[in-house]
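The block underneath contains the structure these notes are about, expressed in structure tokens.
Please treat every number below as a calculation from the coordinates, not as lab data. Keep in mind the model is a prediction, meaning the values are calculated, not measured. FYI the Cβ positions are ideal-geometry reconstructions off the backbone, even for glycines, and counts take in every protein chain you see.
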Amino acid sequence: MSGKYGATDVNGTTCDIQEEIVVDNEVDSSASYKRRWWRVSQNVLYGLGHVYNDLCAAMWFSYMLLFFQAVLDMRAVVAGAMLLLGQVVDALATPVVGVLADKYGTKKAWHLTGCILVTATFPLLFIRCWGCWFNENTQYLYWWMPLYYAVLIIFFQIGWAVVQISHLAMIPSITDNLQVRAELTSIRYMASVMSSLTVYLITWVVLRATTYSTFISQTDDYKFRDVSLIISGLGVISFMAFHLFFKLRREDKSGKGAPVVQNGNGTFVHQDNEAAKLPAKSKIMYFLRMPLLYQTSLLYVFSRLYWALSLVYVPLFLEERLSVNPSAGSELVASVPLVLYISSFFFSLLLKSKINSFGNQVVYFIGSCLSLGSCLWIALAIDPEASIVQIYMVATLIGAGSSITLVSSLCVTADLIGPHSHQGAAIYSIVTFADKLVTGIAVVAIQNYKCDDVVDCPQYYRGVLTYACGGSAALGILSLSLTKLISIKTKPEV
């Protein structure tokens with residue numbers, strides 16, 4: 001690993017997490033190897049901490065609407081409202097968790113609490129509720145089914161937000177070295193990609209191993225139940241391993257640290273002045289008054305919106321395509337997202353070593369261009385008769401664009417926080433707040449405009465992937481351009 005695992009002082013000296021280690025030419029090579037192995041193993045263990053959330057997110061975004069609409073026969077607008085509810089609860093819980101996690105307890109304690117809440121609720125989201133079969137007397141299902149799943153969604157999303165914010169906030173607590181932070185962010189995303197790959201692989205195996213069907217129907221509820229239970233088991237193992245073996249240095253809640261400005265190259269420079277002596281509450285206000293915070297939030301929002309809409313609507317697009325060209329069968333809704341995430345994993349590996357060479361903003365621009373290119377491809381070439389090879393190629397492009405923009409936007413956020421690890425949870429909650437609301441509102445709007453009769457709009461979800469996802473990528477490029485222009489005008493003297 002190219003960076004040191006620990007805090008970096010103003011002179012670039014690195015301190016180890018456990019104790020200060022003085023390295024000289026006489027240090028035994030075996031001791032050096034052990035320290036290196038410790039840093040690598042801790043990085044990998046850190047990645048395990050968000051695996052359960054990533055498993056749930058892949059299932060939530062990719063198959064929740066499909067399960068509600070195709071299996072539970074829920075109306076499209078009601079299913080969209082369920083997703084909006086989850087996103088709103090997640091968004092509202094995020095800042096509350098961010099403030100409380102910085103003040104009370106430890107990041108690992110908050111993380112464990114969230115994992116327990118997720119475990120208690122997530123599997124039930126993909127199991128048919130008691131009495132939720134449409135028969136002669138189904139009037140009560142129009143209120144009972146949404147109420148039942150709404151309660152589960154509320155508690156699940158609160159737990160998910162707790163895990164996400166506490167895990168993200170550990171990055172600044174682990175190290176002040178910006179290069180190591182970039183590596184940790186890449187490892188975190190690689191773990192996310194591996195988790196999503198696992199979900200799609202399990203789904204593909206379950207769909208192939210059970211009774212074959214061309215379309216997803218009400219009788220396929222047991223398939224979603226089995227997938228959710230397998231995923232929950234893997235998630236429990238991952239977060240238990242994280243809490244047993246990952247060691248986080250003692251958190252500093254003193255509020256010490258230098259404020260941050262952006263230089264002309266798009267990186268962040270921390271300066272020592274009177275603002276560094278502000279109390280914690282004033283420091284939050286200091287960050288809230290920074291235009292860079294909101295510029296960074298926009299980059300993250302549009303990268304997440306592209307990612308989320310792709311996850312939600314690629315399976316629905318494939319299901320829609322099967323009504324015209326059913327030759328591939330229902331397992332296509334798992335194999336195409338699987339290819340998408342293999343591409344994401346490859347590019348996240350590439351970013352791990354190359355992101356610092358180009359700069360976060362340049363990398364974000366490249367990822368946004370790839371994302372926009374995939375949407376144009378869908379608009380121009382992916383009609384119902386398009387070959388499966390073309391669909392897989394577009395999925396590869398979507399995976400590349402989403403991984404590049406997500407990793408680079410999180411690296412920009414970590415750079416913004418700098419040495420202010422005691423405010424890490426609050427800042428991450430601010431940055432991630434808007435994306436959850438925007439995603440939920442976008443899905444509800446898309447579902448609301450969907451035709452009741454498929455004949456009236458046979459390629460509706462193709463249009464969604466073209467215009468909604470393409471618009472997200474274009475807005476990301478626009479936000480990046482504005483950020484660059486503002487940084488040039490307000491370039492500080494370094």
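Just subtract the alpha-carbon distance of residue 148 and residue 109 from 0.36 nm times their residue separation and send over the number in nm, one decimal.
Between residue 148 and residue 109, full extension yields 11.1 nm more.
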If packing is taken as the average count of other Cβ atoms within 10 Å, what order do 448-456, 109-117 fall into, highest mean first?
109-117, 448-456
Determine, from the Cβ-Cβ distance of residue 449 and residue 387 and an R0 of 25 Å, the FRET efficiency 1/(1 + (r/R0)^6), rounded to the nearest 0.05.
0.30
Cross-link list 108/436; 107/436; 223/247; 450/484: which exceed 29 angstrom alpha carbon to alpha carbon?
223/247; 450/484
Ordering 141-149, 197-205 by per-residue average of other C-beta atoms within 10 angstrom, highest first, gives 197-205, 141-149
